[in-house]
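The values are calculated or read from the model by the stated rules, or taken from the named source; none is laboratory data. Quantities reported herein were computed from a predicted structural model and do not represent experimental measurements. FYI the Cβ positions are ideal-geometry reconstructions off the backbone, even for glycines, and counts take in every protein chain you see. All accessible areas refer to the heavy atoms of the entire protein, side chains included, with ligands and DNA or RNA removed. Shrake-Rupley method; radii C 1.70, N 1.55, O 1.52, S 1.80 Å.
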Amino acid sequence: MRKKFLAGLLVTAMVASMTACGSDPTANNGGSSDKASSGDSGKKKVGISMPTKSLERWNRDGSYLEEQFKKEGYDVEITYSDNDTDQQVNDIQNMISDNVDILVVGAIDGDTLSTVLADAKDQNIPVISYDRLIMNTDAISYYVSFDNYKVGQLQGQYIVDTLKLDGSKKKYNMEITAGDPADNNATFFYNGAMDTLKKYIDNGTIKIVSKQQDFESVATPQWSTDEALNRMQNILSSYYADGKNQLDIALCSNDSTALGVTQAIESDYAGKNTPLITGQDGDVANLKNILDGKQAMTVYKAVANEAVVTLELVKSVLNGETPDESLTKKFDCECSYDTDSYDNGTGKIPSYLLTPEVITKDNYKEKLVDTGYYKEGSDGYLQAIE
Ligand code: BGC
């Protein structure tokens, strides 16, 4: 099912790299389609609801989406809901009142949007679940995301390979920091990593000293850096104080939590070693930590490509088509069509899943700078491209 495309020519600008993932300039756009539009200008209007500006990646998602849709001639209404679920319901309600033609929603809490999305459905407004699966509503037409389970697998496999855990006589102590229980992705990341590490935990190569292992015990509400920091400080003082134990691995599901865990280790860890810390997203602060040797890796998800896939999907839906696997042919980036993995409680949601990649000190130039996703500042650290 997965389609591997040409990596394409290396591009030096973000916009160029987004085009590389497959905007088809000849396709119908917001201005040219026959479907009756409710926007004043006669253009189709896309309502984009993002969860928050307080976590770096959603700013990137929001700007890429807005830029892509505007470039194709759509009107765009975009909101960020400050991680407040009531606010997100209001924001989406307002977009429905403003007669958007389609909604693209990155949910704060996958379980709180059923009522407002039922309104959208009543008004024949299709809904695309963006990055996070929206649960328990039959209003969702499609899901666009990355292979979330694979993100966790990449983190787990990185630990296995880097510490050479196969056949290892040495034992390693690990602590786990997972994501927000309200985010359906969080368990996929956790399960991907834990399924990969299970055999090493079972055979004693990895020991979780705090015994905090099940998802509920290690979850981080709202993916908060401060929550992750506080919890790790408590773990360090309870189980790792005075060199009692050495912390070897901090499995963190993403960069916002890895940031808190790194800060806790810097301020409160008594040991002399540098624990291996994982992450996800390629947030600028974490990329700095990777270059400084404080965080070992991050799993990068090219959200610019996620925006391009979303654009093509929206175009197809608004043209009255029923997108399926053939849509993936339009993308120069690796993207699979999956009708099996994501069930939102009302049935399986057809999903377009992009492929995440491991980023380390050794490959960041090739994967992030040469591709035009980030630029190198004069201080040698990476900066987002505006
Ligand atoms: C996203 C991650 C992100 C996390 C916190 C998840 O739903 O898939 O990329 O790190 O939310 O923003």
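Would you pick out the residues in the range 186-208 that are open to solvent by less than 20 Å² (accessible area, probe 1.4 Å) and more than 16 Å from the ligand (Cβ to nearest atom)?
Matches in the range 186-208: MET194, LEU197, TYR200, THR205, ILE206, ILE208.
For the condition of a type in the set (Gly, Ala, Ser), assigned to a loop (DSSP other than H, G, I, E, B) and more than 25 Å from VAL100 (Cβ to Cβ), what is the one hit in ALA285, ALA296?
The match here is ALA296.
May I ask you to list the residues in the range 230-288 that are on the phi > 0 side of the Ramachandran plot and away from the ligand (no atom under 14 Å from the Cβ)?
Across the range 230-288, the qualifying residues are ASP242, GLY243.
Looking at the range 72-140, what strands (runs of 3 or more DSSP E) fall wholly within it and have at least 1 residues that are aliphatic (A, V, I, L, M), at pLDDT 95 or above and open to solvent by 10 Å² or more (accessible area, probe 1.4 Å)?
By residue number, 75-80.
Being within 12 Å of the ligand (Cβ to nearest atom) and of a type in the set (S, T, N, Q) is the filter here, so list the residues in the range 130-154 that pass it.
SER145, ASN148
So for the range 289-309 (the condition being surrounded by fewer than 21 Cβ atoms within 10 Å (Cβ to Cβ) and β-branched (Val, Ile, Thr)), does at least one residue qualify?
Looking for residues that are surrounded by fewer than 21 Cβ atoms within 10 Å (Cβ to Cβ) and β-branched (Val, Ile, Thr), one finds none in the range 289-309, hence no.
Does TYR149 qualify as being at negative phi, touching a residue at least 60 places away in the same chain (Cβ under 8 Å) and open to solvent by 10 Å² or more (accessible area, probe 1.4 Å)?
Yes: the conditions hold for TYR149.
Quick check on the range 310-333: of everything there that is in a loop (DSSP other than H, G, I, E, B) and modelled with pLDDT under 95, which residue is least open to solvent (accessible area, probe 1.4 Å)?
So, considering only residues that are in a loop (DSSP other than H, G, I, E, B) and modelled with pLDDT under 95, the one least open to solvent (accessible area, probe 1.4 Å) is PHE331.
THR298 versus (1) closer than 24 Å to SER145 by Cβ; (2) out of contact with any strand residue (DSSP E or B) (no Cβ under 6 Å at 6 or more places or on another chain); (3) of a type in the set (S, T, N, Q): which is the lone unmet condition?
Among (1) closer than 24 Å to SER145 by Cβ; (2) out of contact with any strand residue (DSSP E or B) (no Cβ under 6 Å at 6 or more places or on another chain); (3) of a type in the set (S, T, N, Q), THR298 violates only (2).
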